[in-house]
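Any read-out appearing in this document is the output of simple, stated calculations on the displayed coordinates, not a laboratory observation. Fair warning: this is a prediction, and the values are worked out from it, not measured in the lab. Counting neighbours? That spans all protein chains shown, and the Cβs are built from the backbone with ideal geometry, glycine included.
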Amino acid sequence: MDVVLPVLDEAAAIPWVLGRMPAGYRPIVVDNGSSDGSAAVAAACGGVVVLERRRGFGAACFAGLTAAASDVVCFMDCDATLDPGDLPLVADPVVAGAADLVLGARRGHAMPPHARVANRYLAGRVAAYTGARVSDIGPMRAARREALLGLGLADRRSGWPLEMVLRAGRSGWRIAERPVPYHPRTGRSKVTGTVGGTVRAVLDMRRRLAETRRLIRAEER
């Protein structure tokens, strides 16, 4: 099973993450323009390395999805906040046909307070717009590759994770959650760790919500 791991300067975390990959799971490390040798580290640790020059979390995820070959594809961050050993928790229900998209709902105290608040808000919007009951728009997730490609995901920045859930929910997918431990990250976050990254993420996600509102209003006319 392929695991897409978007990377931007995560050389310090990559050995731990790839070293804990479960048997049968193939890491596809998508280097999004790192300057710390992340791609070389990933290759040395046995990862399949894909280079994506276009900056953006969604661009890296889409490049990994395109490069993947397995029926079910997983996604997760490569900053050591999530343990690859938990991947079967989100992948197994999809493999078994019990769910179409499974999200790893992050648990623990490592998430910054403002990120917790933002996740609660986004989860509420997802429920209002799609009826899907989730508590976290987390980066660990699993779904079938061809179905994901069929969603026509367009965001290539920080709105990718939210857009996936919104489009899946509005398409009638069965969306489920499984709790996964969340750990302090290795290095500084490019999103919550910087003002610019936080602003870009907020704007990207607002666009995805606005897009969904327009679609709902158009359907109601």
Test: residue in the range 116-124 that is over 25 Å from Ala68 (Cα atoms) and under 14 Å from the mean Cα position of the chain (by Cα): yes
Residues within the range 123-172 that are over 15 Å from Val73 (Cβ atoms), in contact (Cβ under 8 Å) with a residue 60 or more places away in the chain and outside any helix (DSSP H, G or I), tallied: 5
Unique residue being at negative phi, in contact with a Gly (Cβ under 8 Å, 6 or more places away or on another chain) and crowded, with 22+ Cβ neighbours inside 10 Å when the list is Val41, Val50, Val102: Val50
Any hit, the range 70-79, residues being touching a residue at least 24 places away in the same chain (Cβ under 8 Å) and either over 24 Å from Tyr182 (Cβ atoms) or part of a helix (DSSP H, G or I) (or both): yes
